[in-house]
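For reference, the structure is listed below as structure tokens.
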Amino acid sequence: MSETTTISVRPEWQLELAKAIRSPAELGTALNLPADWVARHSTARELFPLMVTRHFVNLMQPGDPDDPLLRQVMPHADEFIDAPGFVTDPLAEQTNQQPALLHKYRSRVLVILRGGCAINCRYCFRRHFPYADHHFGRQQRSQLLDYLRSDSSINEVILSGGDPLLATDAQLASLLTDLEQLPQLKRVRIHSRLPVVLPERLTDALARRLHESPLQALLVLHANHPHEVDHKLQKALKRWAGYDITLLNQSVLLKGINDNAEVLAQLNEVLFEARVLPYYLHQLDKVKGASHFAVTDAEALQIAEQLRVLLPGFLVPRLVREVAGEPSKTPLELITD
Ligand SMILES: *Cc1c(COP(=O)(O)O)cnc(C)c1O
Ligand code: SF4
């Protein structure tokens, strides 16, 4: 019989991920970018590697070095700028209690399920995070379950990373089976950018498994620009919505990419077409090498004000900053510098 052959077939998203572009020269050729421009900026790859899927590249405008999707992934000479206040650990998270586990907010605990991602975003604080120390294996899983049992105020587990959807459907199903044994838990939440760069990751099998769970399931996507949301992604999201999975989106406010109310309005419109509601609009974490993406608080507040005019209230994201030591994300309106 052909059983062994069917078992060894890798899912489509893994095959696509294996084809990701990692060389600035290859990206430059694919997009017809000026070779001298590519050469000038590609040295910043030594600070944080380039990685981008072909799907994401196909959404970029060829020949445009300022393309908003390209700017999120292409190494840039400005990353060598050593700006005051931009540090390697802006959230002071590298000293957390247990490996692979962050319990900063009262009712929910965040699990670093996978250290890697399917894209390397230049503005990410992950560019300096010691993920090698945060492997989530059998031992970490049993520590997580012990931790949850010891604190009944936790009712939600957030699967994050890196990107938790780099785990396979079988691995996620197995973890869910363990979490479902804990009567205190109400929800499981997945924080992922992976569907944006590999829409085929939104498999029916995983959606069905989440649908069958007694835990309520949420997917919090990370999309920053309307060009990231194409028909293929919209279709996949609508299918997941059909399985009663709550769909939300968080974005990072990025200079030259989405620091514009019209662009953000369009993003939230195309997401809502796919049943996704906005959640957070984050002020950038002040991570070393990303200062050229920073938008001032005054500008951010002005954009938020314009968004409230352009959109119905339910399509306006909450503008927040993560402040180390605070018991929740902080609305920017409440920050007085
Ligand atoms: C952002 C974050 C959460 C989730 O916060 P919500 O406001 O519930 O979305 C949880 N834990 C950590 C460590 C976080 O950074
Ligand atoms: S997908 Fe998220 S965690 Fe991964 S590099 Fe991008 S911003 Fe960072």
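The values are calculated or read from the model by the stated rules, or taken from the named source; none is laboratory data. Just so it is clear, the structure is predicted and the values come from calculations on it, not from any experiment. Glycine also receives a Cβ, built like all others from the backbone with ideal geometry; neighbour counts cover every protein chain displayed. Accessible surface is based on the protein model in full, side chains and every heavy atom, while ligands, DNA and RNA are left aside. Shrake-Rupley method; radii C 1.70, N 1.55, O 1.52, S 1.80 Å.
Computed over the Cα atoms of the stretch 12-80, what is the convex hull's projected area averaged over all directions, in nm²?
Mean orientational projected area (the stretch 12-80, Cα hull): 4.4 nm².
Just the number, please: carbon plus sulfur as a percent of the accessible area of the chain, 1.4 Å probe, no ligands or DNA/RNA counted.
Ligands and nucleic acids excluded, carbon and sulfur give 52 percent.
Could you identify which residue out of GLU228, GLU46, GLU262 has the top mean-square fluctuation in a GNM of the chain using Cα springs shorter than 10 Å?
In the Gaussian network model the winner is GLU46.
When all C-alpha to C-alpha distances in the stretch 257-299 are sorted into bins of 10 Å, what percent of pairs does each bin hold, rounded to whole numbers?
Once binned at 10 Å, the Cα pair distances of the stretch 257-299 give 23, 46, 27, 5.
For ILE190, list long-range residues whose amide hydrogen, built 1.01 Å from N in the peptide plane, is under 5 Å from its own amide hydrogen.
Those lying under 5 Å, H to H, from ILE190 are LEU159, LEU218, LEU219, VAL220.
Report the paramagnetic label zone for GLN184: residues of the stretch 136-157 whose backbone N is under 19 Å from a point 7 Å from Cα along the Cα-to-Cβ axis.
What the label zone holds, given the 19 Å backbone N cut-off, is 140-157.
How would LEU182, LEU166 line up by accessible area, probe 1.4 Å, largest first?
Ranking LEU182, LEU166 by accessible area, largest first, yields LEU166, LEU182.
Among ALA290, ALA167, ALA300, which one shows the biggest mean-square fluctuation in a GNM of the chain, springs joining Cα atoms closer than 10 Å?
Maximum fluctuation in the GNM of the chain, among the listed residues, is at ALA167.
Spelling out what I want: for every residue of the stretch 165-175, take phi, set θ = phi - 60°, compute 6.51 cos²θ - 1.76 cosθ + 1.60 (Karplus), and round to whole Hz; glycine and proline get x.
7, 6, 5, 7, 4, 5, 5, 5, 4, 5, 5
Which three semi-axes in whole Å describe the equivalent ellipsoid of the stretch 218-337, each the square root of 5 times a Cα gyration tensor eigenvalue, listed largest first?
In descending order the semi-axes read 25, 15, 14 Å.
Determine how large the accessible area of ARG10 is when every protein chain is in place; take a 1.4 Å probe and give Å² rounded to the nearest 10.
About 120 Å², ignoring ligands and nucleic acids.
What does the C-alpha gyration tensor say about the overall shape of the stretch 147-284? Classify as rounded when a/c is under 1.5, otherwise prolate if a/b is larger than b/c, or oblate.
In terms of gyration-tensor shape, prolate.
Which value, in Å², gives the accessible area per residue of the chain when a 1.4 Å probe is used on the protein heavy atoms?
46 Å²
Jot down the per residue volume, in cubic angstrom and as a whole number, of the convex hull over the alpha-carbon atoms of the stretch 86-173.
102 Å³
Need the full-extension length gain, ARG208 to HIS135, defined as separation in residues times 0.36 nm minus the C-alpha distance. One decimal, nm.
23.6 nm
List the lysines whose Cα lies under 27 Å from the Cα of LYS19, skipping any in the same chain that are fewer than 8 positions away.
LYS232, LYS235, LYS238
After finding the eigenvalues of the alpha carbon gyration tensor for the stretch 101-336, what semi-axes result from the square roots of 5 times each, listed largest first in whole Å?
So the equivalent ellipsoid measures 29, 21, 17 Å along its semi-axes.
I'd like the distance between the alpha-carbon centres of the stretch 294-337 and the stretch 220-285, rounded to an integer number of Å.
The stretch 294-337 and the stretch 220-285 have Cα centres spaced 16 Å from each other.
Tell me the mean residue ellipticity at 222 nm calculated for the chain from its helices only (DSSP H runs of n ≥ 4, each -39500 (n - 2.57), averaged over every residue, nearest 500).
Value at 222 nm, helices only, nearest 500: -9000 deg cm²/dmol.
In the chain, if the dipole is taken from +1 on Lys/Arg beta carbons and -1 on Asp/Glu beta carbons about the Cα centre, which of LEU247, LEU148, PRO99 is farthest to the positive end?
So the residue furthest toward the plus end is LEU148.
I'd like to compare 75-85, 13-23: which one has the highest average count of other Cβ atoms within 10 Å, and what's the full order after that?
Peptide ranking by packing, descending: 13-23, 75-85.
Considering every pair of different Cα atoms, what Kirkwood radius, in Å, is found for the stretch 167-237?
This gives a value of 13.1 Å.
Grab the Cα-Cα distance for THR43 and ARG149, subtract it from 0.36 nm times how many residues apart they are, and report the gain in nm with one decimal.
Once the chain is fully extended between THR43 and ARG149, it gains 33.4 nm.
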